[in-house]
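Notes for the one structure printed next.
Just so you know, all these numbers are worked out from the coordinates, no wet-lab data involved. Note that the structure is predicted; figures quoted are calculated from it, not measured. No Cβ is skipped: glycine too gets one built from the backbone with ideal geometry, and neighbour counts run over all protein chains shown.
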């Protein structure tokens, strides 16, 4: 019989987890299965040790094919290639692919002969390098410094404190900070993130970079911050709200429920408090 979805053959039920390494840590954070982790490792091997290129070429019976194929990866994991639950772990909607951790290349080939590739940014992260992809880094902006004399503005301080607590809790929060004055929402976000000790990914780029942005947030544990919505923000807001990563959006426009009218959850809509005089001087 096929193994249970996400399970490896021979793994005892309830076995204690091994000491955590970068791959198992990533899988734990993102809710990936043991089979996902094994497929990721098999696909990662040629990027870590060139001898795997020769080995995979030999096992693929084609020396020019130096990455694992779907069939080879399943074989190396001890899974029958006809196992529907195992094959489903490599579909475009499965977590490994949809979260941007693994690419299944060569769509023109039959499914079993398609190559598996771990994106360079994921390889770097697993090796301990948390420098964002240069193509994404060009669209990241620093947040403003949190206002000084915060204690003098009790409403602002209390709001930022509550927002920080919610950001640090589960499930991930998506919030729209409605501003009555430009900059108030972004200042609230900066203050809350500093209080929560969470890194920020303040994005000011095109929508075709959002998938890279969300992958970076998943890898780094950062909070996505967007303060400049496009003229038609619906598609962007839906993608951010359905991403499963914490997101703070600020803007002066009233929130429009139609922005999430295709099944995506609506963000929590909050009125950002105005900064006090001391905060204005800092701004």
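For segment 145-231, dividing the convex hull volume of the Cα atoms by the residue count gives 104 Å³ per residue. Placing a pseudo-label 7 Å from each Cα along the Cα-to-Cβ vector at residue 137 and residue 161 gives an inter-label distance of 3.8 nm. Ranked by the mean number of other Cβ atoms within 10 Å per residue, highest first, peptides 263-270, 73-80 order as 73-80, 263-270.
For the pair residue 58 and residue 182, a Förster radius of 51 Å applied to the C-beta separation gives a FRET efficiency near 0.25, rounded to the nearest 0.05. Remark: the residue 194-residue 81 segment gains 35.9 nm on full extension, using 0.36 nm per residue and subtracting the alpha carbon distance.
Just so you know, the Rg over Rh for segment 22-126 is 0.93, from Cα atoms, with Rh as the Kirkwood radius. Expressed per residue, the C-alpha convex hull volume of segment 136-282 stands at 100 Å³.
Principal semi-axes of the equivalent ellipsoid, √(5λ) from the alpha carbon gyration tensor of the chain, are 42, 18, 18 Å from largest down.
Taking 7 Å steps out from each Cα toward its Cβ at residue 127 and residue 168 produces label points 3.5 nm apart.
Take 240-252, 55-67 and order them by the average number of nearby Cβ atoms within 10 Å per residue, most first; the result is 240-252, 55-67. Modelled label positions at residue 23 and residue 252, each set 7 Å beyond Cα in the direction of Cβ, lie 5.1 nm from each other.
Taking the Kirkwood radius as Rh and the Cα radius of gyration as Rg, segment 69-215 has a ratio of Rg/Rh equal to 1.13. Using the alpha-carbon centroid of each, what span in Å lies between segment 87-127 and segment 211-257? So the separation of the two Cα centres works out to 24 Å. Annotation: the antiparallel percentage among DSSP beta bridges lying fully within the chain is about 25. Against the chain, whose longest principal axis comes from its Cα atoms, helix 184-196 is set at around 60 degrees.
Expressed as an acute angle from 0 to 90° and rounded to the nearest 10, what is the orientation of the C-alpha long axis of helix 210-220 relative to the principal long axis of the chain? Helix 210-220 sits roughly 90 degrees off the main axis of the chain. Over the chain, Cα pairs under 8 Å with separation of 6+ residues give a relative contact order of 17 percent. Quick one: helix 154-168 against the long Cα principal axis of the chain, what's the angle to the nearest 10°, folded into 0 to 90? That helix lies at roughly 10 degrees to the long axis.
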